Each structure stands twice: as structure tokens, then as C-alpha cells.
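Remarks on the structure that follows.
The values are calculated or read from the model by the stated rules, or taken from the named source; none is laboratory data. Owing to the predicted nature of the structure, the values given are computational and were not obtained by experimental measurement. Here Cβ is always computed from backbone atoms with ideal geometry, including for glycine, and neighbour counts include all displayed protein chains. The area values use the complete protein model at the heavy-atom level, side chains included, leaving out ligands, DNA and RNA. Shrake-Rupley method; radii C 1.70, N 1.55, O 1.52, S 1.80 Å.
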Amino acid sequence: MVIDLKVEVRLFATFREGREKKYFLDMPEGSRVIDLLDMLKIPAEEVSILLLNGRDGDAMRILDESDVVAVFPPVGGG
Amino acid sequence: MEDRYSRNVSSITEEENRRLKSFKVCVIGCGGLGGYIIEMLGRIGIGTITAVDYDRFEETNLNRQILSDTTNLGQSKSLAALERMKKVNPEITLNNVDLRFDSTSGEEIIRGSDVVVDALDNPQGKRLAGDLCAKLNIPLVHGAIAGWYGQVTTVYPGDKAMDVICKEGTSCGIEKELGNPPFTPAFLAAIQTAEVIKILLKKGGTLRNKILYADLLNMEFDIVELKK
């Protein structure tokens, strides 16, 4: 039986274009962070900052219940 | 107290304003962010500002870089900072460093600073600033802009924020497509300058272990916690 996990995704800057700012998604157990990004059609290579529960996250990490994922594009101007 | 500083009070006290004269702040980059930051640090009365930039002004800078004007195109950005401060506040010292901030020059440039401000326009430089500030035990105020968006965080030695924000291998940001309108650097520069003053005077709350992410298109401001 596949158990769904509830996770929150927060998008920033250009990742919000054509998307919502925040999603609450049900993901099958065993899903990885990158599966979330795929679902939202965000190429992993375009993500500069990936925070998982406020810490530096890895796209290959398996999701846990109530995880909060925040993704930012690279901002480098000065 | 001199009249020039009277309107700083009581946001900061007279005694705090006097203390600002004893501090040395290094601003790396005299472009969009750096120009405004130097302006504000000079006006509030920071005693010594090191203004670092190897670049020369060009016409594309005129939309946003406060130190640029039609009379100094082709001239040194750090020298423009010096010329500007002579007019705005000749009581402070501005050391202009007309060098590229890199692994050869970087350590000597920031050594002895009380705070370093990241107003650089490239991820490699930003990472280097983070590394060198950690090594030399200097707080760093990071800022970056792209289009309507910008981010600021304050990094103390030992914090991991720069490792999260400026990852190895990132070569450029979304500013290459989004450009840089005038209001974004002005806004983010003000936030960075306020952070510098609070670090120096040890007052208020800062963006340590937090990123302020500003979206001026939708007027949304998020402070995202960076856990230790």
C-alpha cells in the first residue's frame, strides 16, 4: 500500500511565474525532493538554493511527512 | 554633535554616532548595490570605508549605479566613490581600491575591517568573500539582486549561510535575463546598510541565519530561516 506524505513547497522569484507561491502536495512514500521539482516542472539545474526544513537540502533526499522544501533561483547581481 | 549627524539621532544615540567613526567597513563592489551602500555609510558617519572595484563605468550602468554619471563614463568606479565622498562627507576616510577582488588580492583588501559588505556581481567573488571573511573572523553582509528580486543575509564567522547561498559551480544568476532596474539595488542596499550599522553597534535584530527575499514586483517579502 502506498502511503501519501504531506509536504509543503515554497517557490521564490521567477519560479513563481506560471505557478503558485506555495503548494501543499501529497507525495507517495519514497518520493524524493527531485520528484517534487519534476511535478512542478522546475529543472533541478535551475535551482540555486534548495532548503529542506530550513537546511541546505539535497534533491535526491527521500521526503518525510511534513517536510518543507523552499527553492530559489540563482540571484547574483550587485 | 555636528549638525550633519543630528538627524541620525535618536535612531542611533550621539554616543553611538561617535563610535561609528572608529569603525572600518569594506564594500566590495561599487556598482548598483555598492554605490548606494557607500553613500549611506558615508552619510551616517562610518569613519573608514574601503571601496573596492576594478571596473570602469559604462553607459549601461547609468540606469542604476548612483556613482555613475555622464561625466565619469570610462573612469574607475572606486575612484568615483572617493570623489563622491569628498563632496558628501569629507570628514570620513575613503580608501579606494582599484583592484579585482580575487584570491590574490582579497585577503589583504578585507584584513582589518570590522564588517565586509558583499556588493559583488558574480558568484565566484561572493563565495570568496564568504571564505575570506570566515578565515579572518569578519562579519559579512551578503546582498544580491536580479530584476525585481533580491536577497540579503548576514553571516558571522562559522555560519554556513554562504555555503548554502553561493554553491560551488554556480556561474551566473537570473539577472542575466532579468536585467537590473534602478529600484532593486537601492532597496537592497538600504537593507544591507542597516545590517552593517546594527552589527557595528550591536543593536536590534539582524538577518543572521535568515535570508530576506524581496519580490518588488508583487511586493512580497519573505524571511526564510536558515537553520544552523
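Odds and ends about this structure:
- Checking B:K167, B:K135 one by one, the residue that is open to solvent by 10 Å² or more (accessible area, probe 1.4 Å), away from chain A (no Cβ under 11 Å) and either at pLDDT 95 or above or more than 17 Å from the chain's Cα centre (by Cα) (or both) is B:K135 and no other.
- Each residue in the range B:213-228 was checked for being outside any strand (DSSP E or B) and within 19 Å of B:D163 (Cβ to Cβ), and 3 pass.
- Enumeration of residues in the range A:24-78 that are open to solvent by 10 Å² or more (accessible area, probe 1.4 Å), hydrophobic (A, V, I, L, M, F, W, C), within 14 Å of chain B (Cβ to nearest Cβ) and touching a Ser or Thr at 6+ places or on another chain (Cβ under 8 Å): A:V75
- Applying the condition of being open to solvent by less than 60 Å² (accessible area, probe 1.4 Å) and basic (K, R) to the range B:95-132 and asking which residue is nearest to B:G42 (Cα to Cα) yields B:K126.
- Members of the range B:55-94 that are under 19 Å from the mean Cα position of the chain (by Cα), in a helix (DSSP H, G or I) and not acidic (D, E): B:N61, B:K77, B:S78, B:L79, B:A80, B:A81, B:L82, B:R84, B:M85, B:V88
- Residues of the range B:6-39 classified as away from every other protein chain (no Cβ under 14 Å), assigned to a helix (DSSP H, G or I), within 21 Å of the chain's Cα centre (by Cα) and not charged (D, E, K, R), total: 3
- Taking the range B:101-172 and the strands (runs of 3 or more DSSP E) fully enclosed by it, the elements with 3 or more residues that are of a type outside the set (A, V, I, L, M) are at B:149-155.
- Any pair with Cβ under 8 angstrom, 6 or more apart, that starts in the range B:170-183 at a residue that is at the interface with another protein chain (Cβ under 7 Å from one of its Cβ atoms) and ends at one that is loosely packed, with under 15 Cβ neighbours inside 10 Å and modelled with pLDDT of 90 or more: B:N180/B:N63
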